[in-house]
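Below: the structure, in structure tokens.
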Amino acid sequence: MFTVEMYNGTKEENYQLILKQLQALLDGEENVIANLANASALLNNFLSEVNWVGFYLTEGDQLVLGPFQGLPACVRIPNGKGVCGTAAATKSIQRVANVHEFPGHIACDAATQSEIVIPIIVNEDVIGVLDIDSPIKDRFDEVDEQYLNKFVKIIENQSK
């Protein structure tokens with residue numbers, strides 16, 4: 001279906017392609033779990049040097065593990081705790097070059113060195129977060145942040 005070899009343009013061109021692929025996968029499908037499962041699989045296939053790609057969904061005052069690709073993960077994260085909980089509590093993207101320097105980092109996978117978390121906001125409420133981990137320090141840059149935010153915006157629009 002979608003293979004890494006398909007992504008042979010610039011980083012920006014590759015991200016533009018993945019945005020189109022996500023939109024095609026989501027079109028006409030209303031099931032949130034199915035959509036997030038496909039979205040995590042698409043990103044996991046697209047991104048290099050990552051060891052976990054997935055979603056946590058808001059349930060009360062915590063985030064609960066949703067569809068993901070990677071090793072088993074922490075099931076519940078309190079709002080405001082760790083990188084994911086901080087992203088949810090502040091409604092802001094968290095791009096962490098070295099997770100070991102992040103106060104209160106929750107180590108679900110000892111191999112993780114850097115992380116990016118984008119809150120998913122619908123009607124001003126955080127309904128979940130996209131969480132991506134890498135075994136490489138400083139893996140995520142401004143281009144990743146910009147396009148992963150656009151990726152989440154597509155999910156947000158589908159969830160309205």
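Values for this structure:
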{"quantity": "Within the stretch 93-160, strands (runs of 3 or more DSSP E) holding 2 or more residues that are in contact (Cβ under 8 Å) with a residue 40 or more places away in the chain and of a type in the set (D, E, K, R)", "calculated": "125-134"}
{"quantity": "GLU13 vs. criteria closer than 16 Å to LYS153 by Cα, acidic (Asp, Glu) and either out of contact with any Asp or Glu (no Cβ under 7 Å at 6 or more places or on another chain) or in a helix (DSSP H, G or I) (or both)", "calculated": "no"}
{"quantity": "Qualifying residue in the stretch 37-58 (condition: under 23 Å from LYS153 (Cα atoms) and exposed (fewer than 12 other Cβ atoms within 10 Å of the Cβ))", "calculated": "yes"}
{"quantity": "Condition check for LEU57: in a strand (DSSP E or B) and either modelled with pLDDT of 95 or more or in contact with a Cys (Cβ under 6 Å, 6 or more places away or on another chain) (or both)", "calculated": "yes"}
{"quantity": "Among the candidates ALA89, ALA110, ALA41, ALA37, residue that is within 20 Å of PRO135 (Cβ to Cβ) and either in contact with a Gly (Cβ under 8 Å, 6 or more places away or on another chain) or at pLDDT 95 or above (or both)", "calculated": "ALA41"}
{"quantity": "Residue within the stretch 95-106 that is aromatic (Phe, Trp, Tyr) and either crowded, with 17+ Cβ neighbours inside 10 Å or within 14 Å of the chain's Cα centre (by Cα) (or both) present", "calculated": "no"}
{"quantity": "Filter pass, VAL53 being under 29 Å from PRO103 (Cα atoms), free of Cβ contacts under 8 Å to residues at least 40 places away in the same chain and out of contact with any Pro (no Cβ under 7 Å at 6 or more places or on another chain)", "calculated": "no"}
{"quantity": "Residue list for the stretch 62-71, restricted to those being without any contact (Cβ under 8 Å) to a residue 24 or more places away in the chain and surrounded by fewer than 17 Cβ atoms within 10 Å (Cβ to Cβ)", "calculated": "VAL64"}
{"quantity": "Sole exception among (1) at pLDDT 95 or above; (2) under 24 Å from ALA41 (Cβ atoms); (3) out of contact with any Asp or Glu (no Cβ under 8 Å at 6 or more places or on another chain) for ASP131, by number", "calculated": "(3)"}
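The values are calculated or read from the model by the stated rules, or taken from the named source; none is laboratory data. Note that the structure is a prediction, hence the values are computed from the model and not measured. Positions of Cβ are generated from backbone atoms using ideal geometry, with glycine treated the same way; all protein chains shown enter the neighbour counts.
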